Amino acid sequence: AGIPVDELDYEKPLHFGAVAALVVAPLSLVFFNFVENLSVPAKLLFDLVVGGPVLNVGFVAALGLLRGQSLESIVATVSSVDQFWVALVLASNKVWLPAKVFMYGFLPARYWGLWCAVVSFVWGIILAVIVV
């Protein structure tokens, strides 16, 4: 039972990992340094209005480039209100908003990266199931 090893799709997880390591992690560190001294409500508001959308656009754009999509195709994707802004960003807030409330409210800043890595892993699995 299961999929034979030679039929496994290694490209998708490698692309997700590369984008997470080279785009999302550095952007997150900049963001965390910026919001660290804000109040919890200000952190959440800034995260919802700026951080989440920037990370989602960066993620989708970098993944598109890795997959060989044209810039026009990527711009069309991130410009799509229904498919991108409503479907992806609102869906991501169902996972990330509670995760960020917990993170900003209860975790010391030094653990934010680790917490986001765990949540990202779960979110990546959700995205993989949705996309397939």
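Rounded to whole Hz and in sequence order, give me ³J(HN,Hα) for the range 25-38 from the Karplus expression 6.51 cos²θ - 1.76 cosθ + 1.60, θ = phi - 60°, writing x for Gly and Pro.
Per-residue couplings from phi come out as 4, x, 4, 5, 4, 4, 4, 4, 5, 5, 8, 3, 9, 7 Hz.
At a Förster distance of 25 Å, what's the computed FRET efficiency of ARG67 paired with VAL30, Cβ-Cβ distance as r, to 0.05?
0.50
Using only Cα atoms, locate the centre of the range 1-52 and the centre of the range 66-87, then give the distance between them in Å, rounded to an integer.
18
Stretched out fully, how many nm does the piece from LEU48 to TRP85 gain, at 0.36 nm a residue minus the Cα gap?
Working it through step by step, the gained length comes to 12.1 nm.
For the chain, count the residues as N, evaluate 2.2 N^0.38 Å, and divide the Cα radius of gyration by that value, please.
Cα-based Rg divided by the globular estimate yields 1.12.
Over 10 Å intervals from 0, what percent of Cα-Cα pairs in the range 80-131 sits in each interval?
All Cα pairs considered, the percentages come to 23, 47, 25, 5.
Could you give each residue of the range 67-79 its phi-based ³J(HN,Hα) in whole Hz, using Karplus coefficients 6.51, -1.76, 1.60 with θ = phi - 60°, and x for Gly or Pro?
For the range 67-79, the Karplus-derived couplings read 8, x, 6, 6, 4, 4, 5, 5, 4, 4, 5, 6, 8 Hz, x marking Gly and Pro.
Keeping all protein chains in place, calculate the accessible area per residue for the chain (probe 1.4 angstrom), answer in Å².
64
Considering Cα pairs under 8 angstrom that are at least six residues apart, work out the relative contact order of the chain and quote it in whole percent.
With pairs under 8 Å counted, the relative contact order is 27 percent.
Accessible area of the range 13-93 with a 1.4 Å probe: how many percent of it is carbon plus sulfur?
Carbon-and-sulfur percentage of accessible area, whole number: 73.
Report the extension gain between SER39 and ILE125 in nm, rounded to one decimal, defined as 0.36 nm multiplied by the number of residues separating them, less their alpha carbon distance.
In short, 27.9 nm is gained.
The values are calculated or read from the model by the stated rules, or taken from the named source; none is laboratory data. Source: prediction; values computed, not measured. Positions of Cβ are backbone-derived with ideal geometry, glycine not excepted, and every protein chain shown enters the neighbour counts. Protein only, heavy atoms only, side chains kept; ligands, DNA and RNA dropped before computing areas. Shrake-Rupley method; radii C 1.70, N 1.55, O 1.52, S 1.80 Å.
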